[in-house]
1. If you check Val148 against the conditions, is it without any contact (Cβ under 8 Å) to a residue 40 or more places away in the chain, hydrophobic (A, V, I, L, M, F, W, C) and within 14 Å of Thr75 (Cα to Cα)?
2. Considering (1) at pLDDT below 95; (2) surrounded by fewer than 19 Cβ atoms within 10 Å (Cβ to Cβ), say which one Thr51 fails and leave the rest.
3. What do you reckon, is Pro101 touching a residue at least 24 places away in the same chain (Cβ under 8 Å) and surrounded by 19 or more Cβ atoms within 10 Å (Cβ to Cβ)?
4. From the set of residues in region 120-134 that are out of contact with any Pro (no Cβ under 9 Å at 6 or more places or on another chain) and more than 18 Å from His95 (Cβ to Cβ), which is surrounded by the fewest Cβ atoms within 10 Å (Cβ to Cβ)?
5. Against the definition (out of contact with any helix residue (DSSP H, G or I) (no Cβ under 9 Å at 6 or more places or on another chain), surrounded by 14 or more Cβ atoms within 10 Å (Cβ to Cβ) and over 25 Å from Ser127 (Cα atoms)), how does Gly56 come out, yes or no?
6. Restricting the search to region 21-68, which residues are closer than 18 Å to Met1 by Cβ, of a type in the set (A, V, I, L, M) and in a strand (DSSP E or B)?
7. Would it be correct to say that Glu42 is more than 13 Å from the chain's Cα centre (by Cα), farther than 22 Å from Ser149 by Cα, surrounded by 15 or more Cβ atoms within 10 Å (Cβ to Cβ) and not hydrophobic (A, V, I, L, M, F, W, C)?
8. Can you name every residue in region 141-173 that is touching a Pro at 6+ places or on another chain (Cβ under 9 Å), part of a helix (DSSP H, G or I) and open to solvent by 40 Å² or more (accessible area, probe 1.4 Å)?
Amino acid sequence: MLDAATTAQLKTYLTNLRTPVELVATLDDSAKSAEMRALVEEVAAQSEKVTARFDGTDARTPSFAIRRADGSAETHFAGLPLGHEFTSLVLALLHMGGHPPKEEADLLDAVKALEGSFHFETFFSLSCQNCPDVVQAINIMAALNPGVSHVAIDGALFQAEVEARQVMAVPMIFL
């Protein structure tokens, strides 16, 4: 699924994982699920600290969670995070695996100090150039604060939901 150069780069980035992460996919027998399985398997093959499971029970199919192995944090992708969103996938893996985000310390402390439960859903498009910044910011929040959860949703793949929720442009964030 990934070309050789991207795979080599991914393998190098994943050496920065400090703690194990698992990818938990929710799949069906569609072509997009087959592509997701291939992506998840390929990502997991690049590091001993990344494992893959295919027994997810998420409401959106295909989707997968990136979960800290101790269960303390996770983020989700509903759809394939390729194109502009591939960087979001790599950073989510790194941050869930304990690699520190490169944001200002006061901002990170403020995120850690948030009290309450916050569930974000971000609709994105694989061609959107602004979407990765939003997806990455909320994924960092989910990695730092157990009260924050996030699902990045590929609007093209979940068109019925886009129409029902009247998503007219991306990125579109729901809290």
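The values are calculated or read from the model by the stated rules, or taken from the named source; none is laboratory data. If you're wondering where the values come from, they're calculated on a predicted model, not measured in any experiment. Positions of Cβ are generated from backbone atoms using ideal geometry, with glycine treated the same way; all protein chains shown enter the neighbour counts. Accessible surface areas use protein heavy atoms only, side chains included; no ligands, DNA or RNA. Shrake-Rupley method; radii C 1.70, N 1.55, O 1.52, S 1.80 Å.
1. Considered against the rule, which asks whether it is without any contact (Cβ under 8 Å) to a residue 40 or more places away in the chain, hydrophobic (A, V, I, L, M, F, W, C) and within 14 Å of Thr75 (Cα to Cα), Val148 comes out as yes.
2. (1)
3. Criteria not met by Pro101.
4. Gln129
5. yes
6. Those that are closer than 18 Å to Met1 by Cβ, of a type in the set (A, V, I, L, M) and in a strand (DSSP E or B): Leu23, Ala25, Val50, Ala52, Ile66.
7. Yes: the conditions hold for Glu42.
8. Leu144
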